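Visitor: Okay, handing you the structure first.
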Amino acid sequence: MSAPVAVLVFFGGLALTVLSSIVLARELDRMGERLGFSEALLGIVTALGADAPEISSAVAALVTGHEDTGVGVVVGSNVFNIAALLGLSAVIAGPVLIHAHGLVLNGGVAIAVALLGALLAINVIPAAAAFALGLLIIVPYVALSALHARRRERLPGFLRAAVAEEQQDARRDEFAPPATGTDVLTVVPALAAVVGGAYAMVAAAQSLGDRWDISDVLIGTVVLAGLTGIPNLLAAVRLALHGRGAACVSESLNSNNANILVGLCVPALVLGLGDPSGIETFAAWAMVGMTALAVALGFGGGLTRREGSAIIALYAVFVAILALAG
């Protein structure tokens, strides 16, 4: 396709994907309310809906044979989420206070999943093993997040405190009304629009990348990752402005978990991944490092504006290295 057509298709696909994902996240939130989900489980479900552009773009790239772009979207999105959701939240909201026990649970899972994703991306472990290990990490975490107060009392002391604090940190400042039949019917067309928009966006981005000699790694890790993270960024800014910085931390880490398990492990299991380049290996380990750093900074009173600014600055360095290498 010509450059003007590709630009129109790209931004049209981006708008369709972002707007549809906002609708999808809202409908999933309402369905969770109807089903009586806990705050933490609602946060996981809503994060999955908001992650639909990132996941769909990664899968679309992998299906069309652009493995570097697909892996780049997942890795780049996770690094972007750390910078935009955690770093920006701390800059806007001031000190983001996070409960220590909850951070051990939420952050520990996020670091483990990030490490798993990096090992898969650089072909250290096979896709089947990565998927199985991912389920072993995520399924118990989701089950714990789903527990309500009465059932939490049966847990051992530390775990009971961790689940309670993780749910408290995930608490929102707005509550959606329970879903109706119309909301349930809206999920399918919203998801279809996300997938269709993502496919158009990826196809147009690849066409422009070939025309302008931009590498697949840069297209996926920086361009698509940043633009598809807009729904998460908007939600994080709103939460931060309302003083709910800890909810941003929970949303960011849960979004990253979903990206790796659904956007990377599942497609890799079916389609496989290509051999990683040196810059892809750098990006994968940067994802692990940024995740671990953000979690570590959360201890000792939470993230301050200075620490949030440092995280954003590290993301700028990450993008600069990729741009120079690409």
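The values are calculated or read from the model by the stated rules, or taken from the named source; none is laboratory data. These numbers were taken from a predicted model, which means no experiment stands behind them. For neighbour counting, all protein chains shown are included, and Cβ atoms are generated from backbone atoms with ideal geometry for every residue, glycine included.
Visitor: Based on what the data block shows, is I279 over 15 Å from the mean Cα position of the chain (by Cα), at pLDDT below 90 and not in a helix (DSSP H, G or I)?
Guide: So I279 does not fit the description; no.
Visitor: Mind telling me which of the residues V96, V109, V75 ends up being over 30 Å from I214 (Cα atoms), modelled with pLDDT of 85 or more and aliphatic (A, V, I, L, M)?
Guide: It is V109.
Visitor: Is region 240-250 home to any residue that is farther than 25 Å from F10 by Cα, of a type in the set (K, R) and either modelled with pLDDT of 80 or more or assigned to a helix (DSSP H, G or I) (or both)?
Guide: no
Visitor: Here's something else I'd like to know. Which of (1) surrounded by fewer than 19 Cβ atoms within 10 Å (Cβ to Cβ); (2) under 22 Å from I98 (Cα atoms) does G298 not meet, given it meets every other one?
Guide: Answer for G298: the failing condition is (1).
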